[in-house]
Amino acid sequence: MRVPDYIRKVFDTLPNINRRDVVTFLVCLLVSAFFWVAQSAYLKSDKTITVALRIEGQPEDAVFTTHVPSQLKVTLYDNNIHLLKYSSKSSGVRLLTVDFGRYADVAGNFRISGAELQSLLLNELSSTTQITAISPALIDARYALTKGKKVPVALQSNITMHGNFRDFTPSITPDSVLIHAPNFILDTLSCVYTEPLMAMDLQDTLTSRVPLVLNVGVRATPDSVDVLVPVNQYVEKRFESVPIRVNGLPSDVQMVLFPHTVSMTCLANFRNYNKFTADDFVFSVSYDDVRADQSRQYLPVSFQTLLSDMEVYGVRFEPHEVEFSIEYAEKR
């Protein structure tokens, strides 16, 4: 057998050491390590593992009104080699499934004694493994039967925008959920809130899965919702000399406005910036204001647009009032 180069180099640097002695030492060291590992594997010790608790067969109209643990802390005593396998995720002992109907009674009690818990866990363990502690030591809870009630979902949020970005009304999917709870809770429940959604300096549309705030004894289907917060960037756009219209003017009357145009600025959706024109904005005065008060000298300018609030907002214009003169056609 050819000796590896790195071992040959070590031997060449140690010419005064008997090579046979070195090999013998290494073999003895390897054999000692093997026996130490083998002996340690069969030494007994304690190990605490976490076991998830899953309840099957729970009726849709049954809700727990007191706390039921979702996991158990179990301390095991066995040989190290057996305890090592319980650290593997593939070990079946990591999940304990119990049947609701077996441990629930008609009086609303759900109880699994400590002895029963230990028996259920031992069925999943090696025959040599002992259980020295379980936390909690037993499960003793109350449940109630309820018909359920559909209630709207209310979003709790703290959202800020960056610069000229703007957010709009968030959409919640679904916007209502089915709540199962004791009747005295359902009678006072008008909505269910989400966990607070926090987002700072947003520059893009936000989508998030947000869980609901549910107290003990309350179950929701589903227990979380999808939240969409539309976010758009806006830039300032300016139009000069936008004409002012006169509404309700009789055919025999002419009205001259001073000035007859306005200058306006707005914040426009960046995506549709070039699609907006001055024709999308209507500025007008009303002849009815003259009829109501013939002594007035100024008419207020009103503003309208068919554009949506998502396309443009923050419209500012000048002047807000204009002078006018009226000429009546001569009657023949």
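Observations on the model:
- Boolean, G217 is on the phi > 0 side of the Ramachandran plot and either in the same structural domain as Y193 (by TED's automatic domain parsing) or free of Cβ contacts under 8 Å to residues at least 40 places away in the same chain (or both): yes
- Filter result for A62 (at pLDDT 80 or above and surrounded by 13 or more Cβ atoms within 10 Å (Cβ to Cβ)): yes
- Considering the range 45-135, there are no qualifying helices (runs of 4 or more DSSP H) wholly inside with 3 or more residues that are in the same structural domain as L214 (by TED's automatic domain parsing), more than 30 Å from T221 (Cβ to Cβ) and under 35 Å from the mean Cα position of the chain (by Cα).
- Only residues that are over 17 Å from V213 (Cβ atoms) and in a strand (DSSP E or B) were counted across the range 151-193, and they come to 8.
- R166 falls short on exactly one of the conditions (1) farther than 30 Å from L189 by Cα; (2) loosely packed, with under 14 Cβ neighbours inside 10 Å; (3) among the basic types (K, R), and that condition is (2).
- Filter result for S308 (over 30 Å from T205 (Cβ atoms), free of Cβ contacts under 8 Å to residues at least 40 places away in the same chain, not acidic (D, E) and not in a strand (DSSP E or B)): no
- One residue stands out in the range 204-260 among those that are farther than 19 Å from G148 by Cβ and of a type in the set (D, E): the one that is nearest to the chain's Cα centre (by Cα), namely D226.
- Output for the range 222-277, where each listed residue is in a loop (DSSP other than H, G, I, E, B) and either at pLDDT below 90 or of a type outside the set (D, E, K, R) (or both): P222, P230, G248, L249, P250, S251, D252, P259, H260, F276, T277
- Condition check for T13: at pLDDT below 85, closer than 30 Å to K150 by Cα and among the polar types (S, T, N, Q): no
- Of the residues making up the range 278-305, those that are more than 13 Å from F324 (Cα to Cα) and either at pLDDT 90 or above or among the acidic types (D, E) (or both) are A278, D279, D280, F281, V282, F283, D288, D293, S302, F303, Q304, T305.
- For beta carbons closer than 6 Å, sequence separation of 6+ or different chains, a first residue in the range 70-89 that is farther than 9 Å from K44 by Cα and at pLDDT 85 or above and a second that is surrounded by 14 or more Cβ atoms within 10 Å (Cβ to Cβ) and of a type in the set (S, T, Y), the qualifying pairs are L76/T129.
- For the range 274-301, taking the residues that are surrounded by 15 or more Cβ atoms within 10 Å (Cβ to Cβ) and of a type in the set (S, T, Y), the one that is nearest to the chain's Cα centre (by Cα) is identified as S284.
- S171 being in contact with an Asp or Glu (Cβ under 7 Å, 6 or more places away or on another chain), in contact (Cβ under 8 Å) with a residue 40 or more places away in the chain and among the small types (G, A, S): no
- Selected residue (criterion: farthest from the chain's Cα centre (by Cα)) from residues of the range 171-187 that are surrounded by fewer than 16 Cβ atoms within 10 Å (Cβ to Cβ) and more than 21 Å from H67 (Cα to Cα): D187
The values are calculated or read from the model by the stated rules, or taken from the named source; none is laboratory data. In this text, all values refer to a predicted model and were calculated from it rather than measured experimentally. So basically every Cβ, Gly included, is an ideal-geometry build from the backbone, and we count neighbours across all protein chains shown.
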